[in-house]
Amino acid sequence: LRLALSFRDTQASLETSEREALTDPLTGLGNRRRLMDDLAGDAEQPAESGHLRLLVVFDLDGFKAYNDSFGHPAGDALLARLGGRLTAFARPYGAAYRLGGDEFCLLAECTAGAVDSIVAGGSAALSERGEGFRVTASHGSVLLPSEAQTREEALQLADRRMYANKSRER
């Protein structure tokens, strides 16, 4: 009986550790490790017929100023709120992730006609305005596997495109 109880406790502990290793503690979103696991298959195999796999990386603009003005607890609350909005938006298409700091990601399966609306919807979910602040989201996107063959290549290309978009916006 003790052995069975010990085994059950160990199994529960392992499951908790694995879940925590793949989850961002602040937002509850998947973290970079979870994204890399999810991307492993997506970059190597085509999506369902008539669909594309879309990776979008978002970086919050104005978040540092928000954090400096309202403090880190308010910044954490904003990140959690925006993460919740991104999750709710992403649910019909795929999954949302927090890569760290003020960087988020969306991995979706969609039709070619839906790509622009998914990118715009993700950006809107990660934007908020209030008295004395405005936080928006820059983005870079990649279609898998047509534009990137590996998960590392996909993230690098999405990052490059995001920073190119930021440069154009300035």
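Worth a mention:
- In this rough spin-label picture, where each label sits 7 Å from Cα along the Cβ direction, the Arg134-Lys166 distance is 1.8 nm.
- Among Phe133, Phe63, Phe89: highest mean-square fluctuation, GNM of the chain, C-alpha pairs under 10 Å: Phe133
- Per residue value of the accessible surface for the chain (all protein chains in place, 1.4 Å probe), Å²: 55
- Of all accessible heavy-atom area on segment 26-133, the percent that carbon and sulfur account for (1.4 Å): 51
- In this simple spin-label approximation, Lys64 and Glu109 carry label points 7 Å from Cα along the Cα→Cβ vector, and these lie 3.9 nm apart.
- Ranking by accessible area, most exposed first, for Asp37, Asp102 with a 1.4 Å probe: Asp37, Asp102
- Value at 222 nm in deg cm²/dmol, rounded to 500, when DSSP H runs of n ≥ 4 in the chain each add -39,500 (n - 2.57): -17000 deg cm²/dmol
- Accessible surface, 1.4 Å probe, highest first, among residues His51, His72: His72, His51
- Thr136 contributes about 40 Å² of solvent-accessible surface, heavy atoms of the protein only, 1.4 Å probe.
- Gain upon complete extension [Arg91, Arg32; 0.36 nm per residue less C-alpha separation]: 19.4 nm
The values are calculated or read from the model by the stated rules, or taken from the named source; none is laboratory data. Quick caveat, the model's predicted, so the values are computed rather than measured. When we count neighbours, we look across all protein chains shown, and the Cβ atoms used for this are built from the backbone with ideal geometry, even at glycine. We work out accessible area using only protein heavy atoms, side chains counted, and drop any ligands, DNA or RNA first. Shrake-Rupley method; radii C 1.70, N 1.55, O 1.52, S 1.80 Å.
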